[in-house]
Amino acid sequence: MRKMVRRHLAARDITDRRVLAAMASIPRACFVPPHLRDQAYADTPLPIGYDQTISQPYIVALMTQEARINRHSLVLDVGTGTGYQTAILAKIARHVWSMERLAALSREAEWRLASLGIRNATLIIGDGALGHPEAAPFDAIIVSAASPKPPRPLLEQLAVGGRLVIPIGDRVLQDLTIVERTDTGHRQHTAGPCRFVPLLSVEAFAEYD
């Protein structure tokens, strides 16, 4: 695990010590299917069933770094999957709300987080593109699935100064996009190409088709 952090993260452009420490403290092997645990610390995405994947460690670290969270941050994590990104965020932030459309994945992730003693994460079954207005505004929102454009509800649920980190594009070509809410609107930039499964949202699928 520490070798993964040194070789695939610190040796590249992951410089946030909080992110590196979180990645070094959460065993990715706990979040991949048993038959793939020999590949858990390779810098590659892995299938987790249900036509979903767990992101490669570098992308998890990059998205967390781009979110610019700290111990006071309230974070929304869209696309729980097995719970790996949620666990990393919870190691740094004050509290994480993690949304997953697939109930089976959410329940399994909840068990994994509890088994690791992570108590500052709330898992929710629902359409992540709609966000979680009950807990808004958020200091950061991370979306681990691709959308044609930033979902309006997520933009509206950002706190001023908050950041939305999301893959934007079609089913093949995507850019990791960071949208920051300002006093007067939003500004955005990209952090490079990426490849994610599509966001499971009726609205997002309608725009792809």
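Computed from the coordinates by the stated procedures, all read-outs in this text should not be read as laboratory data. Keep in mind that this is a model prediction, so the values were computed, not measured. Cβ coordinates were reconstructed from backbone atoms using ideal geometry, including for glycine residues, and neighbour counts include every protein chain displayed.
Side notes on the structure shown:
- Efficiency of FRET between residue 172 and residue 107 - r from beta-carbon atoms, R0 30 angstrom, step 0.05: 0.45
- Potential lengthening of the chain between residue 12 and residue 29 amounts to 3.9 nm, from the contour at 0.36 nm per residue minus the alpha-carbon distance.
- Shape class for the stretch 68-169: oblate, because the ratio a/c of the largest to smallest gyration tensor axis (alpha-carbon atoms, square roots of eigenvalues) is 1.5 or more and b/c is at least a/b.
- Sites residue 184 and residue 134, calculated FRET efficiency, Cβ-Cβ separation with R0 30 Å, nearest 0.05: 0.70
- Share antiparallel - DSSP beta bridges, the chain, percent rounded to 5: 45 percent
- Summed residue charge, Cβ within 11 Å of residue 91's Cβ, Lys/Arg positive, Asp/Glu negative: +2
- Taking a ≥ b ≥ c as the square roots of the eigenvalues of the Cα gyration tensor, the chain is classed as rounded, since a/c falls below 1.5.
- Here the stretch 38-126 carries DSSP beta bridges of which approximately 25% are antiparallel, counting only pairs with both residues inside.
- Each Cα pair under 8 Å and six or more residues apart adds its sequence gap; the mean of these over the residue count of the chain is a relative contact order of 15 percent.
- Taking label positions 7 Å along the Cα-Cβ direction at both residue 37 and residue 160, the computed distance is 5.0 nm, reported to one decimal.
- The loop-placed chymotrypsin sites (Phe, Trp or Tyr not before Pro) in the stretch 1-89, going by DSSP, that have at most 15 neighbouring Cβ atoms within 10 Å of their Cβ come out as 50.
- The region of the chain that goes longest without hitting one of the trypsin sites (Lys or Arg not before Pro) in a DSSP loop, each with at most 12 other Cβ atoms within 10 Å, is 13-70.
- Computed from the alpha carbon atoms alone, the convex hull of the stretch 1-64 holds 74 Å³ per residue.
- In a simple Cβ point-charge model (Lys, Arg +1; Asp, Glu -1; nothing else charged), the chain has a dipole of about 1000 debye relative to its Cα centre.
- Size descriptors for the stretch 11-103, from the alpha-carbon set: Rg then Dmax equal 12.8, 37 Å.
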